[in-house]
Amino acid sequence: MLLTTAVLIAVTAPAAGVAAASAVDASAQRQAQGGKSVSAVLTEDPPARIGVDSAGGAGGRVHTTVRWTAADGTVRTGRTAVAPGLRAGDRTTAWIDRHGALLRDPATPEGAIAESVAVGTVAASATGLLLIGANKAGVGLLNRRRYAQWEKDWADTDSRWQHRQP
């Protein structure tokens, strides 16, 4: 049973990880292909962030309300992530999906890769743990059955010995 579990883990855990990572990557690709950038104006000052990296990386982005003009000419507003340091009235780039809805946190290529790796790792680990748990449960059930059989055999043997004694 241990050998079977080891082979299953060696085959299915990486396969599950790759499948999960591919699904996340495909989802990010669809979002990136369906997304379109628009010029937007901040309608309010973003909230202050304590400990934000001054380089303005993706991890330091803050959420605020922006206004943009849709393809049909209507003015729309919504909340999205912007670089820190911007103020009300400043221009920024916002991303909308193919339906014209604002994407709150558009995926960056680096973020998509990191998310794919993380999801793939978790899926592979969870599959491995699930198989180890199934192995432990199977061993427990087999031992329980074996102990019950031993108990029955001992009872049969004991009854035969008691009949032979004077």
Scoring only Lys, Arg, Asp and Glu (+1, +1, -1, -1) among other residues with Cβ under 12 Å from the Cβ of ALA88 yields 0
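Divide by every residue of the chain the summed helix terms, -39500 (n - 2.57) for each DSSP H run of at least 4, and state the resulting mean residue ellipticity at 222 nm, rounded to the nearest 500 deg cm²/dmol.
Details: 2 runs with 89 residues, N = 166.
For the chain, the value works out to -20000 deg cm²/dmol.
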Under a point-charge model restricted to the Cβ atoms of Lys and Arg (+1) and Asp and Glu (-1), what is the dipole moment magnitude of the chain relative to its Cα centre, in debye to the nearest 20? 320 debye
Ordered by fewest other Cβ atoms within 10 Å, a rough proxy for footprinting exposure, GLU151, GLU115 read GLU151, GLU115
On a C-alpha basis, how far is the centre of the range 13-27 from the centre of the range 109-155 in Å? Whole number, if you could? 20 Å
Local electrostatic count, ALA23, Cβ distance below 13 Å [Lys/Arg +1, Asp/Glu -1]: -1
Would you work out which of GLY85, ALA114, GLN162 lies farthest towards the positive end of the dipole of the range 81-166, given +1 charges on the beta-carbon of Lys and Arg and -1 on that of Asp and Glu, about the Cα centre? GLN162
Among ALA23, ALA126, SER37, the residue whose Cα sits farthest towards the positive end of the charge dipole of the chain, when +1 is placed on the Cβ of each Lys and Arg and -1 on the Cβ of each Asp and Glu, is ALA126
Below 12 angstrom from the Cβ of SER116, what's the summed charge of the other residues (Lys, Arg +1; Asp, Glu -1)? -3
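What is the Å³ per residue value for the convex hull set by the Cα atoms of the chain?
Values: hull volume 32.0 nm³, N = 166.
In the chain, the Cα convex hull volume per residue is 193 Å³.
Values in this text are rule-based calculations from the coordinates and carry no lab data. As the structure is a prediction and not an experimental result, all values here were calculated from the model. Neighbour counts are summed over all protein chains in view; Cβ atoms, including those assigned to glycine, are modelled from backbone coordinates with ideal geometry.
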